[in-house]
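Comments concern the structure below.
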Amino acid sequence: MSSFPAFLKSQLFYTPRDPLSTDPAFAAGKTIIVTGANTGLGLEATKCFVRGGAQTVIIACRNLSKGEAAKHSIEESENSKGVLQVWELDLSSYASVKAFAKRCETIPRLDSVVLNAGIATGRFQRVEGHEAHIAVNVISTFMLGLLLLPILRRSAATTGSRPFLTIVTSEMHFWTTLPQKKSPNIFAALDQEKGADMMDRYNVSKLLQILVVRHLTRVVIGDRFRYPVVVNCVTPGLCRSELVKDMGLTPVVFKKLLGRTVEMGGRALVNAAGGLVGKESAGEYIADDRISEPSPLVRSEEGAELAKRVWEELVPILERECPGIVAGIAV
Ligand SMILES: NC(=O)c1ccc[n+]([C@@H]2O[C@H](COP(=O)([O-])OP(=O)(O)OC[C@H]3O[C@@H](n4cnc5c(N)ncnc54)[C@H](OP(=O)(O)O)[C@@H]3O)[C@@H](O)[C@H]2O)c1
């Protein structure tokens, strides 16, 4: 974290603002996708978009019955029908990611995508040939994000407003030095089970997310402030969700003592994905509802070089699955 006292101050004294207090109809007429919306922060963000008057919110989740249960609970609590849809998305399967993105081509407009789904576990597991945090939190997350960019751009052209693509990251990225940077290939090093530090892996995946967003928005797309889609990332702060349930007692206790409610975390996501923080957040890291500084490593010259390396290693993985994916994001 920037510093432990700063983290404590944020956790104890900052409450993410309610988007409805800025504008009660902040989502009126909009179509929004939230991944991992069946529970935790995604569920709360979805609820908030519904309250803000969204026309359609797509609950993207890997388990349709959990998604339907979330839909019904929001419809009851918010007394709203006809807004929510449940679409299948399993980030552990590239085929599922591609099928989901293909289905999104049928959406007439798309205003915000919140790439929220993610995992944090202490176990080494393989998904699509890669360690699971890297496959789910990084590779599939950006595969989906990049496949949706042309759809978001088309929507910008027809609606005349800039949509948001928001990646949900974490302040835990401050806690890693990315030890795999010493290897000739970072992704190959992360694939090695032997010697894998699984207590650091979630942090690494969150750092990689920020590095990819930085390189994408500062180098690949040209002028991030003129690109038709605002691509940003946000940390909700430590929240009392189920996220770290199988990582041992320490994070669970930490969350109980210092965690925000999931409702507060959901607000942070919504503010970043089109509400309070605004278009100037393009390419930026958002914490406590404002553009904030990511870790010193990210901000350093070394960070920019690492971001380039990570991007250059990620692209062939994505292109192998989705030929032309990078060409699709150019304006
Ligand atoms: N909670 C915190 O303190 C905190 C702090 C900083 C950042 N974050 C970030 O916030 C995001 C949401 O976390 P949360 O706290 O709400 O955790 P959560 O309650 O565990 O929710 C995670 C969501 O991601 C979904 N998911 C996991 N693997 C998936 C896959 N392969 N395909 C599709 N969906 C998948 C889960 O679906 P299932 O229900 O089917 O498992 C669930 O809907 C994550 O990106 C996390 O890194 C959380």
- Message: Need one value: the accessible area of residue 172 in square angstrom, 1.4 angstrom probe, rounded to the nearest 10.
- Response: 50 Å²
- From the square roots a ≥ b ≥ c of the eigenvalues of the alpha-carbon gyration tensor of the chain, which class results: rounded (a/c under 1.5), prolate (a/b over b/c), or oblate? rounded
- Task: Once you've got the GNM for the chain with C-alpha springs shorter than 10 Å, pick whichever of 151, 286, 107 has the biggest mean-square fluctuation.
- Result: 107
- What is the distance in Å between the Cα centres of region 124-158 and region 280-331? 12 Å
- Note on the structure: Share of Cα-Cα pairs in region 173-300 beyond 24 Å, whole percent, is 38 percent
- Query: When all protein chains stay in place, what accessible area (Å², nearest 10, 1.4 Å probe) is found for residue 200?
  - Reply: 20 Å²
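Given the rule -39500 (n - 2.57) for each run of at least 4 DSSP H residues, summed and divided by the residues of the chain, what is its mean residue ellipticity at 222 nm, to the nearest 500 deg cm²/dmol? Mind showing how you got there, number by number?
On the way: 12 runs with 140 residues, N = 331.
The helix contribution divided over the chain gives -13000 deg cm²/dmol.
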- Message: List the trypsin sites (Lys or Arg not before Pro) within region 52-149 that DSSP assigns to loop and that have no more than 16 neighbouring Cβ atoms inside 10 Å.
- Response: 81, 123
- Just how far, in whole angstrom, is region 176-219 from region 227-272 if you go by their alpha carbon centroids? 20 Å
- Note on the structure: Of the residues 196, 121, 64, the Cα lying farthest along the dipole of the chain towards its positive end, which is defined by charges on the beta carbon of Lys, Arg, Asp and Glu, belongs to 64
- Considering only 249, 84, 190, give the residue with the highest GNM mean-square fluctuation for the chain, with springs between Cα atoms whenever their separation is below 10 Å. 249
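Got a number for carbon plus sulfur as a percent of region 1-57's accessible area, 1.4 Å probe? Could you put the intermediate results ahead of the total?
Details: 1360 of 2390 Å².
Looking at region 1-57 in its full context, I get 57 percent from C and S.
Longest segment of the chain with no GluC sites (Glu not before Pro) in a DSSP loop having at most 16 other Cβ atoms within 10 Å? Provide the component values of the computation, followed by the final result.
Numbers: sites that count: 105, 193, 242.
The longest such stretch corresponds to 1-104.
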- Message: Just the number please: accessible area per residue for the chain, 1.4 Å probe, all protein chains included, in Å².
- Response: 42 Å²
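Among the listed pairs 9/47; 66/245; 206/308; 102/308, which are separated by more than 22 Å between their Cα atoms? Walk me through the intermediate numbers first.
Values: 9/47 27 Å; 66/245 18 Å; 206/308 16 Å; 102/308 28 Å.
From the list (9/47; 66/245; 206/308; 102/308), the Cα-Cα distance tops 22 Å for 9/47; 102/308.
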- Query: So how strong a dipole does the chain carry about its Cα centre when Lys and Arg Cβ are +1 and Asp and Glu Cβ are -1, to the nearest 20 debye?
  - Reply: 280 debye
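The values are calculated or read from the model by the stated rules, or taken from the named source; none is laboratory data. Note that the structure is predicted; figures quoted are calculated from it, not measured. Glycine also receives a Cβ, built like all others from the backbone with ideal geometry; neighbour counts cover every protein chain displayed. Side chains are part of the model used for accessible areas, which takes the heavy atoms of the whole protein and leaves out ligands, DNA and RNA. Shrake-Rupley method; radii C 1.70, N 1.55, O 1.52, S 1.80 Å.
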